[in-house]
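This report concerns only the one structure given below.
The values are calculated or read from the model by the stated rules, or taken from the named source; none is laboratory data. Since we're looking at a predicted model, the values are computed, not measured. Positions of Cβ are backbone-derived with ideal geometry, glycine not excepted, and every protein chain shown enters the neighbour counts. Only protein heavy atoms, including side chains, enter the accessible area calculation; ligands, DNA and RNA are left aside. Shrake-Rupley method; radii C 1.70, N 1.55, O 1.52, S 1.80 Å.
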Amino acid sequence: QNTKRHAGQTVEVPNLLATRKLTPRQHENILYLLDMANGANFSVPGAGKTLTALCVWQILKTRGQLKKLLVVCPRSAFEAWQLEPFDFFGFKGITEVYGGRVLSENTEICIVNYEQLENHERHDYLRQWVIKNEAGLVIDEAHRIKAGRHSVRWNAVRTLSTLAKRVDIMTGTPMPQGPQDLEALFSAAWPKLSK
């Protein structure tokens, strides 16, 4: 494929505040992600992966391809997922951290940490939420599921990914141990990917 096909191109992102400007690399990343049914963003830490994922969601939501968003991430990333929708989009919807209770009907972005997925009842609730709300799934700091098929977290994420309308994996360290880590990430996030 032509790796320069989006070089210099820009994308219109619905609801992005006029005071917020995307970098040329972010425009390019968004366009590449939109080319695919599911996405992966392995940009370096601080490159704006959260913002890029939110832009993809806003575009696909406007197109009627996604409704809500389930974000699986470590607690250390909660603040970014809570603040960036407001800071960059003036987001009026509800962003809610899942803690085992029933989510508001108006929640548009549900944030959950990997540990919550280890609880069968909570995982089952989130599975139903994803189906009911035609949600996309973002797996942030995805290297946390690199252990693969023998990991409870990997299996929980894989189940959610089979139900989500779209899956995006994000990590600045996709191969901390080696190339085999990518197999665990791709096979969990993209279960329909051919061998």
Just for the stretch 110-120: of the residues that are open to solvent by 80 Å² or more (accessible area, probe 1.4 Å) and either of a type in the set (D, E, K, R) or under 19 Å from LEU185 (Cα atoms) (or both), which one is farthest from the chain's Cα centre (by Cα)?
-> GLU118
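Between THR62, THR95, THR19, which is in contact with a helix residue (DSSP H, G or I) (Cβ under 6 Å, 6 or more places away or on another chain) and among the polar types (S, T, N, Q)?
Values: THR62 fails: in contact with a helix residue (DSSP H, G or I) (Cβ under 6 Å, 6 or more places away or on another chain); THR19 fails: in contact with a helix residue (DSSP H, G or I) (Cβ under 6 Å, 6 or more places away or on another chain).
Testing whether each residue is in contact with a helix residue (DSSP H, G or I) (Cβ under 6 Å, 6 or more places away or on another chain) and among the polar types (S, T, N, Q) leaves just THR95.
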Members of the stretch 2-25 found to be at positive phi and of a type in the set (S, T, N, Q), listed by number = ASN15
Inter-residue pairs, beta-carbon under 7 Å, first touching a residue at least 12 places away in the same chain (Cβ under 8 Å) and in the stretch 13-26, second polar (S, T, N, Q), 6+ apart | VAL13/GLN58; PRO14/GLN58; PRO14/THR62; ASN15/GLN58; GLN26/THR52
With respect to ARG158, determine if the residue is assigned to a helix (DSSP H, G or I), open to solvent by 40 Å² or more (accessible area, probe 1.4 Å) and of a type outside the set (Gly, Ala, Ser).
-> yes
Enumeration of residues in the stretch 98-109 that are closer than 27 Å to THR19 by Cβ and open to solvent by 40 Å² or more (accessible area, probe 1.4 Å) | ASN106, GLU108
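Out of the residues in the stretch 1-31 that are in a helix (DSSP H, G or I) and surrounded by fewer than 18 Cβ atoms within 10 Å (Cβ to Cβ), state the one that is farthest from the chain's Cα centre (by Cα).
Selected residue: PRO24.
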Every residue from the stretch 32-55 that is of a type in the set (D, E, K, R) and either over 18 Å from VAL138 (Cβ atoms) or open to solvent by 50 Å² or more (accessible area, probe 1.4 Å) (or both) = ASP35
From the list LYS68, LYS92, which one is open to solvent by 40 Å² or more (accessible area, probe 1.4 Å) and either modelled with pLDDT of 95 or more or of a type outside the set (Gly, Ala, Ser) (or both)?
-> LYS92
Identify, please: which residue in the stretch 126-150 is open to solvent by less than 70 Å² (accessible area, probe 1.4 Å), within 29 Å of LEU51 (Cβ to Cβ) and of a type in the set (Gly, Ala, Ser) and is, among those, modelled with the lowest pLDDT?
-> ALA142
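Filter the stretch 161-172 for residues that are under 12 Å from the mean Cα position of the chain (by Cα), closer than 12 Å to ALA40 by Cα and surrounded by fewer than 22 Cβ atoms within 10 Å (Cβ to Cβ) and give the result.
If the condition is that a residue be under 12 Å from the mean Cα position of the chain (by Cα), closer than 12 Å to ALA40 by Cα and surrounded by fewer than 22 Cβ atoms within 10 Å (Cβ to Cβ), then ARG166 is the only one that fits.
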Touching a Ser or Thr at 6+ places or on another chain (Cβ under 6 Å) and open to solvent by less than 60 Å² (accessible area, probe 1.4 Å), is that true of HIS123?
-> no
